[in-house]
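Please read the structure below before turning to the comments.
Read the figures in this text as sums done on the coordinates, not as results from a lab. Quantities reported herein were computed from a predicted structural model and do not represent experimental measurements. All Cβ positions, even for glycine, are placed from backbone atoms using ideal geometry, and neighbour counts span all protein chains on display.
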Amino acid sequence: MIGVGLRRGCALAVAAAAAGGLSGCTADPPDPLPDAQALADALAENDVSDGRFAGQASAEVQAQLTEITAGMAPALVAVTAREASVGEPGGGSSSADADAEGAPSATAALAYDWDLDGAGPGTQTWTYVTDVRLVRSDQDDDAMPWQVVWSPTVVHPRLTDGAVLRSDRTQPPRADVVGASGEPLVTARPVQRIGIDKVRVDEDGLRSSAREVAR
């Protein structure tokens, strides 16, 4: 019933266009959010080999993604797509945009939540939001997904070509243990360790060796 209504509406519009110079109508493109979430799920798995990208092979995009995120191990990431909206055809500045010129265009926000310790809830996290652009060609029908316009900014908004993400842990110097007056009770200082290598001393000599060390 809905499909018939749409076709009839277009036929009426075309007839009106012939009579009065008006343009014909086309159906709105499908909601881009499910395809944006499919991309988000693939990014979280660090595997976009099955994705559809405008003007780029999925294997090429996978190689770039692997290089960008290699320095984040053992961190884990969750990615969620939200706020997808359809805009005007064309526009943009990436290398894939030349193939997407004139195509229906959409933008979705990707929310990243990195678990930097890779140990689950309660560990140190890094969160941010970046945008991804999606396009559809004139040949796409409702059953075909939106195509992703790939750029390093899909992973982080400040990434440029050749830049990568890296997670490093730097331990701060150990602090003093101080008393109520602020005077150090335990502080960093040279320490000598003196002991007995029991492998090199027979059982009868352990006690005498211990006494010698104590003196």
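So who's got an amide H within less than 5 Å of the one on Thr125, skipping anything under 5 residues away but keeping other chains? H placed 1.01 Å off N, in plane.
Under 5 Å from the amide H of Thr125: Leu116.
Compute the signed sum of charges (Lys and Arg +1, Asp and Glu -1) over the other residues within less than 10 Å, Cβ to Cβ, of Tyr128.
Working: positive: Arg158; negative: Asp113.
Counting the neighbours of Tyr128, the net charge comes to 0.
Show me 31-43, 159-171 ranked by packing, highest mean number of other Cβ atoms within 10 Å first. Each step should come with its number before you reach the end.
Working: 31-43: 19.8, 159-171: 10.5.
Peptide ranking by packing, descending: 31-43, 159-171.
Could you work out the local net charge near Ala59, counting Lys and Arg as +1, Asp and Glu as -1, over the other residues with Cβ closer than 15 Å to its Cβ?
Numbers: positive: Arg52; negative: Asp47, Asp50, Glu60, Glu67.
Within the 15 Å Cβ shell, the charges total -3.
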